[in-house]
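**Q** My structure is below; once you've seen it, I'll send some questions.
The values are calculated or read from the model by the stated rules, or taken from the named source; none is laboratory data. From a predicted model like this one, the values you see are computed outputs, not experimental measurements. Here Cβ is always computed from backbone atoms with ideal geometry, including for glycine, and neighbour counts include all displayed protein chains. We work out accessible area using only protein heavy atoms, side chains counted, and drop any ligands, DNA or RNA first. Shrake-Rupley method; radii C 1.70, N 1.55, O 1.52, S 1.80 Å.
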Amino acid sequence: SLSWTPNDRIVYTSRSSGNVDIWIMNSDGSNQKKLTDDPFSESFLSVTHDGRFVVFTSNRSGNISIWRMNIDGGNLKELTPQQRATIPTCSPDGKWVVYQAREKGGWCLWKISIDGGDPVRLTNEFSVWPSISPDGKQIACHYRGNDPQLRGIALIPFAGGQPRIVSQVSSDILRWTP
């Protein structure tokens, strides 16, 4: 897992210390610094577009959930303590984190303020691997509705609403172009 910062640094996960921790380095590989140093596992990270925060998945609370920390590794905060949540991605305005959480019916998409609070459910049917558009208005994801015709890559309004299938092709990670 890796993510660019606005000042061309790279935040990434590594097992080099024997555990999956979060590191930061310059884009030329210099100034490597460990941001987390604990027995827990961190993964699926995303840096806010202003470079203030890193959000990531961790099992540090005994539950797989979304956490936020300052870009220097300080001020850890669990954003989704009541949910089994993973695959966070930050909105372009830095105010929201979109992620997938497992509920009784399976994985669905949610969003939560970068400061925490009450999560907002975005989908009601199987949805995974969210990717927010550069303008922050849409979320692309892998979607599997109850109707076999409603399966594939879908676009969902950022505010929530009905998914629109744009391709019945499936893959893992989705990314937007500028």
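**Q** Quick check on my filter: what residues within the range 115-128 are under 15 Å from I66 (Cβ atoms) and crowded, with 21+ Cβ neighbours inside 10 Å?
**A** Listed by number, the list holds a single entry, L122.
**Q** Within 22 Å of Q138 (Cα to Cα), open to solvent by less than 70 Å² (accessible area, probe 1.4 Å) and either hydroxyl-bearing (S, T, Y) or out of contact with any helix residue (DSSP H, G or I) (no Cβ under 6 Å at 6 or more places or on another chain) (or both): which single residue out of W110, W67 fits that description?
**A** It is W110.
**Q** Same structure again: Collect the residues in the range 1-45 that are β-branched (V, I, T) and free of Cβ contacts under 8 Å to residues at least 24 places away in the same chain, keeping them in residue-number order.
**A** I10, V20
**Q** How many residues are without any contact (Cβ under 8 Å) to a residue 60 or more places away in the chain, part of a loop (DSSP other than H, G, I, E, B) and more than 12 Å from the chain's Cα centre (by Cα) when one looks only at the range 46-79?
**A** Total meeting the criteria: 15.
**Q** Which one of T48, T57 is within 28 Å of K137 (Cα to Cα) and touching an Asp or Glu at 6+ places or on another chain (Cβ under 8 Å)?
**A** T57
**Q** Which of the residues spanning the range 137-151 are in a strand (DSSP E or B), modelled with pLDDT of 80 or more and either open to solvent by 30 Å² or more (accessible area, probe 1.4 Å) or over 15 Å from T89 (Cα atoms) (or both)?
**A** Q138, Y143, R144
**Q** Hey, another quick one. R9 passes all but one of (1) under 20 Å from S133 (Cβ atoms); (2) surrounded by 14 or more Cβ atoms within 10 Å (Cβ to Cβ); which number fails?
**A** (1)
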